[in-house]
Amino acid sequence: MNGAIPAPGSSPSPPAAQAAGPALIDSHSHIDDTRFDADRSQVVARARQAGVGLQIVPAVTAASWPGLKQVCSEHAGLYPAYGLHPIFIAEHDAGDLARLPQWLQRERPVAVGECGLDLWIDEPQADRQRDIFLGQLRLAREFDLPVIVHARKALDEVINSLRRIGGLRGVLHSFSGSVEQARQLWRLGFHLGIGGPVTYPRAQRLRRVVAQMPIEHLLLETDSPDQPLCGHQGQRNEPARLTQVLAVVAQLREQPEAALAAATSANARALFNLPDPMADQVAEPMA
Ligand SMILES: [Zn+2]
């Protein structure tokens, strides 16, 4: 893994966000969300201009799969994942999980997700969540795809499930656990998705994990339109703000932004099996 990470330049690095070509990858963006319907093209263009050239876009419900496919086909650099998000448990039925293999087979997405357990929501229907989560983990293994995992008030159980199913790789999105839980995850070969929460100075435990963790398990994300950054509370989040996440993580790790951008993008490219970086250096004119 280490050999895949480009060495930083010996001269002082320019800010990664303004570097030529799309250097950054938002590993978790819900750019298909209806809150972007009015101005999605501008939001994608702003992200590109900021240096965020690629976005991984996980699904939430089966009803959203066709729209997600459509959005990703309309904009370069958007890569869908298909799955059933635990927060929307009330909207999932048995047929949705049964239909997922056809989507994975036909669409060849970059991952299965967003899946996981959320025991914080009202009426979590925990047993149904577990069935649907485990079903998606088995599909990810069967199709040899990474999983994009959500865990709230359920991280230990999620880690145990990943271990029990075995043979998996993926990302624990919006990680907020302890150093010990982080360690268990990267020992299982999982990445930690780090986004808006790390920009809040009060997030001391998370900041300690991010400062110390091995870089080969680190992915950057925004979770747009959710999880607004510090200073943007109450606003719609957007992928261009990944540059601010990068800046905070670079500061915490005392590392140049350009090196961190290169390393985390290489991690995302390897995990999601994304096309060669040369392929997206054909810059599109700004709209
Ligand atoms: Zn999400």
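Within the bounds of region 78-98, is there any residue that is under 23 Å from ASN273 (Cα atoms) and away from the ligand (no atom under 16 Å from the Cβ)? Scanning region 78-98, I find no residue that is under 23 Å from ASN273 (Cα atoms) and away from the ligand (no atom under 16 Å from the Cβ), so the answer is no.
If you check every pair at least six apart or on different chains, which have Cβ atoms under 7 Å apart with a residue in region 45-65 that is without any contact (Cβ under 8 Å) to a residue 60 or more places away in the chain and assigned to a helix (DSSP H, G or I) first and a residue that is of a type in the set (A, V, I, L, M, F, W, C) and within 16 Å of the ligand (Cβ to nearest atom) second? Once the first residue is without any contact (Cβ under 8 Å) to a residue 60 or more places away in the chain and assigned to a helix (DSSP H, G or I) and sits in region 45-65, its partners that are of a type in the set (A, V, I, L, M, F, W, C) and within 16 Å of the ligand (Cβ to nearest atom) give ALA62/LEU84; TRP65/ALA59.
Criterion first (over 18 Å from the mean Cα position of the chain (by Cα) and either under 24 Å from VAL147 (Cα atoms) or surrounded by fewer than 20 Cβ atoms within 10 Å (Cβ to Cβ) (or both)) does GLN181 satisfy it?
Working: over 18 Å from the mean Cα position of the chain (by Cα): yes; either under 24 Å from VAL147 (Cα atoms) or surrounded by fewer than 20 Cβ atoms within 10 Å (Cβ to Cβ) (or both): yes.
For GLN181, the condition - over 18 Å from the mean Cα position of the chain (by Cα) and either under 24 Å from VAL147 (Cα atoms) or surrounded by fewer than 20 Cβ atoms within 10 Å (Cβ to Cβ) (or both) - is met.
Pairing each residue of region 71-90 that is closer than 8 Å to ALA59 by Cβ with any residue that is of a type in the set (S, T, N, Q) and part of a helix (DSSP H, G or I), provided the two are 6+ apart or on different chains, yields C-beta distances under 6 Å for GLY83/GLN136.
If you go through region 157-178 and keep only what is hydroxyl-bearing (Ser, Thr, Tyr) and within 17 Å of the chain's Cα centre (by Cα), you end up with SER174, SER176. Note on region 249-265: residues that are part of a helix (DSSP H, G or I) and either closer than 14 Å to GLN212 by Cα or not hydrophobic (A, V, I, L, M, F, W, C) (or both) amount to 9.
Is at least one residue of region 70-77 out of contact with any Gly (no Cβ under 7 Å at 6 or more places or on another chain), assigned to a loop (DSSP other than H, G, I, E, B) and not hydroxyl-bearing (Ser, Thr, Tyr)? If you could, list the steps in order and put the result at the bottom.
Of region 70-77, the ones out of contact with any Gly (no Cβ under 7 Å at 6 or more places or on another chain) are 70-76.
Then keep just the ones that are assigned to a loop (DSSP other than H, G, I, E, B); that gives 75-76.
Subsequent filtering for residues that are not hydroxyl-bearing (Ser, Thr, Tyr) retains 75-76.
So far as region 70-77 goes, yes, one or more of its residues are out of contact with any Gly (no Cβ under 7 Å at 6 or more places or on another chain), assigned to a loop (DSSP other than H, G, I, E, B) and not hydroxyl-bearing (Ser, Thr, Tyr).
Within region 168-219, track down each residue that is within 26 Å of GLY231 (Cα to Cα) and of a type in the set (Val, Ile, Thr). Don't jump to the end; show me each part of the working.
Pass one, region 168-219, residues within 26 Å of GLY231 (Cα to Cα): 172-178, 192-213, 218-219.
Result: ILE194, VAL198, THR199, VAL209, VAL210.
For region 154-174, name all the residues that are of a type outside the set (S, T, N, Q), more than 21 Å from ASN273 (Cβ to Cβ) and either more than 16 Å from the ligand (Cβ to nearest atom) or modelled with pLDDT under 95 (or both).
Going residue by residue through region 154-174, those that are of a type outside the set (S, T, N, Q) are 154-159, 162-173.
Keeping just the survivors that are more than 21 Å from ASN273 (Cβ to Cβ) gives 154-159, 163-164.
If the condition is that a residue be of a type outside the set (S, T, N, Q), more than 21 Å from ASN273 (Cβ to Cβ) and either more than 16 Å from the ligand (Cβ to nearest atom) or modelled with pLDDT under 95 (or both), then ASP156, GLU157, ILE159, ARG163, ARG164 are the ones that fit.
Give the residues of region 138-153 that are within 15 Å of the ligand (Cβ to nearest atom) and among the charged types (D, E, K, R), sorted by residue number. The answer is ARG152, and nothing else. For region 104-118, state whether one or more residues are within 16 Å of the ligand (Cβ to nearest atom), in contact with an Asp or Glu (Cβ under 8 Å, 6 or more places away or on another chain) and in contact (Cβ under 8 Å) with a residue 24 or more places away in the chain. Yes. Among residues of region 198-210 that are among the charged types (D, E, K, R), those with a Cβ under 6 angstrom from a residue that is at pLDDT 95 or above, sequence gap 6+ or separate chain, pair up as ARG207/LEU252.
Has region 227-248 got any residue that is part of a helix (DSSP H, G or I), within 25 Å of LEU117 (Cβ to Cβ), out of contact with any His (no Cβ under 6 Å at 6 or more places or on another chain) and free of Cβ contacts under 8 Å to residues at least 40 places away in the same chain? Write out each step before concluding.
Kept after step one, since they are part of a helix (DSSP H, G or I), are these residues of region 227-248: 239-248.
Now restrict to residues that are within 25 Å of LEU117 (Cβ to Cβ): 245.
The next check asks that each one be out of contact with any His (no Cβ under 6 Å at 6 or more places or on another chain); those that pass are 245.
Now narrow it down to the ones that are free of Cβ contacts under 8 Å to residues at least 40 places away in the same chain: none.
No - not one qualifying residue is present in region 227-248.
Would you be able to say whether some residue in region 175-187 is small (Gly, Ala, Ser), within 16 Å of the ligand (Cβ to nearest atom) and in contact with a Ser or Thr (Cβ under 7 Å, 6 or more places away or on another chain)? No; the residues of region 175-187 include none that is small (Gly, Ala, Ser), within 16 Å of the ligand (Cβ to nearest atom) and in contact with a Ser or Thr (Cβ under 7 Å, 6 or more places away or on another chain).
Take the conditions (1) of a type in the set (Gly, Ala, Ser); (2) surrounded by 15 or more Cβ atoms within 10 Å (Cβ to Cβ); (3) more than 18 Å from the chain's Cα centre (by Cα); ALA140 misses just one of them, which is (3).
The values are calculated or read from the model by the stated rules, or taken from the named source; none is laboratory data. Because the structure is predicted, anything quoted here is derived from the model rather than measured. Positions of Cβ are backbone-derived with ideal geometry, glycine not excepted, and every protein chain shown enters the neighbour counts.
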